[in-house]
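These notes concern the structure reproduced below.
The values are calculated or read from the model by the stated rules, or taken from the named source; none is laboratory data. Just so it is clear, the model here is predicted, and its values are computed rather than measured. Glycine gets a Cβ as well: all are built from the backbone with ideal geometry, and neighbour counts include every protein chain shown. Just the protein is used for accessible areas: all its heavy atoms, side chains included, with ligands, DNA and RNA removed. Shrake-Rupley method; radii C 1.70, N 1.55, O 1.52, S 1.80 Å.
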Amino acid sequence: MNTHYANPTVSASLFRQAIAKETTITLNFNYLSGMIEAWWMKNHDQSIHELKIQLINIFATYLHPEDAYYFDKLGQAHEGVAAVCIKNIFNLDSPRLALTVHEALADLFHLVDIKYDYEEHKALYLKPAAEKYREWGNGYGDITPHSDDLYENLSVDFLALTVCRDTTHTPTAYYFPADLLCNLNNEDIETLLGMQARFISGKNVKGSKERIRNVVEYDDHYGYRFSLDFRIDPHNGERMRAVNGGQHVLDKIRAQLPTARHSVSTAETGTFLIVANHKILHARPMLNMSEDAVRTQAATSTLATTPHLLFRSKGPRKQYYALNASDCPRETC
């Protein structure tokens, strides 16, 4: 596998054609929801680890082959699948069930979850002072399109979100680069393909972290991969700044974000959304609540009482390696 700068000499039309192939697959697991809930009612007092293994076995046994097909296809260039949204997995409002489903599906999509010391990343819900913040998953305000953790040293391949409860009916929005770049001219595209940017951490990190990345890279197996973050931190300013020219191109993309074409997930209990983090930018509008209601809810919010509860995983894809005959004695292989 070879990841490198996107070739600035590639024609803009071929580049546009390549990224326009990316799509979302929507699956409906309603044929399993009754079975999952019946199993849950009999077994819910077991450990999350035991429950996850049992649920994975249920998926392996009863999922339609055409639905299970996508578990190892996300983010691959030849498939063109940049996001999978699964609806109607369960209907019970149970944080523990939602977490079990979330962890089982994240495993099946080969997502290796990363927990940073500085971040409570798993449960997203209204935290104290939520009404004061935007650009924060535990806040009330809107979140601008971005890919996750571009200031970190590792590469986050996947982001997964599971809705346990959302009485505010505020879906996750996600943007394909093809739609964000459609107003760029050929010269802008050439600039984008050769540029780098500095990415800066925000509220969730104590202090500040930075990393310089290529804005567009090409991988032989995964195709074009993007590093874009249009959030603005109240203290550090723009979370993404060009370092070798081309800031005008980023500004041009930012200017049309409010009207850019985008997709939304289903903001209902039992929905699982997973995206290829370097092929899609995700976002969220302001929660559909009054500021006073948010202030009251956030002061005493728990997993049982919060109106908006999602579970999140993010990290690299699990890699599987071929076993060579020389790696083990003949009698054991």
Criterion violated by LEU63 - all others in (1) under 24 Å from SER263 (Cα atoms); (2) in contact (Cβ under 8 Å) with a residue 24 or more places away in the chain satisfied:
(1)
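Do any helices (runs of 4 or more DSSP H) entirely within segment 148-261 hold 3 or more residues that are over 22 Å from the mean Cα position of the chain (by Cα), and if so, which? Step through it out loud before you land on a result.
Details: elements: 177-180, 186-193, 247-255.
The qualifying helices (runs of 4 or more DSSP H) are 186-193, 247-255.
Quick check on segment 59-100: of everything there that is aliphatic (A, V, I, L, M) and more than 27 Å from PRO171 (Cβ to Cβ), which residue is least open to solvent (accessible area, probe 1.4 Å)?
Narrowing segment 59-100 to residues aliphatic (A, V, I, L, M): 60, 63, 68, 74, 77, 81-84, 86, 89, 92, 97-99.
Then keep just the ones that are more than 27 Å from PRO171 (Cβ to Cβ); that gives 60, 77.
Numbers: ALA60: 82, ALA77: 47 Å².
Filtering segment 59-100 for residues that are aliphatic (A, V, I, L, M) and more than 27 Å from PRO171 (Cβ to Cβ), the one least open to solvent (accessible area, probe 1.4 Å) comes out as ALA77.
Which residues, counting only those in segment 35-49, are open to solvent by 70 Å² or more (accessible area, probe 1.4 Å) and more than 26 Å from the chain's Cα centre (by Cα)? Before you say what the answer is, go through the steps one by one.
Filtering segment 35-49 down to residues open to solvent by 70 Å² or more (accessible area, probe 1.4 Å) leaves 35, 41-42, 44-45, 49.
Hits for segment 35-49 are MET35, MET41, LYS42, HIS44, ASP45.
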Is segment 136-147 home to any residue that is in contact with a Leu (Cβ under 7 Å, 6 or more places away or on another chain), at pLDDT 95 or above and in a loop (DSSP other than H, G, I, E, B)?
yes
With closer than 30 Å to LEU97 by Cα and surrounded by fewer than 19 Cβ atoms within 10 Å (Cβ to Cβ) as the only criterion, which of ALA173, ALA130 stands out?
ALA173
In segment 252-309, how many residues are within 24 Å of THR24 (Cα to Cα), free of Cβ contacts under 8 Å to residues at least 60 places away in the same chain and of a type in the set (Val, Ile, Thr)?
1
From the residues in segment 62-111 that are modelled with pLDDT of 95 or more and acidic (Asp, Glu), which one is farthest from GLY270 (Cα to Cα)?
GLU66
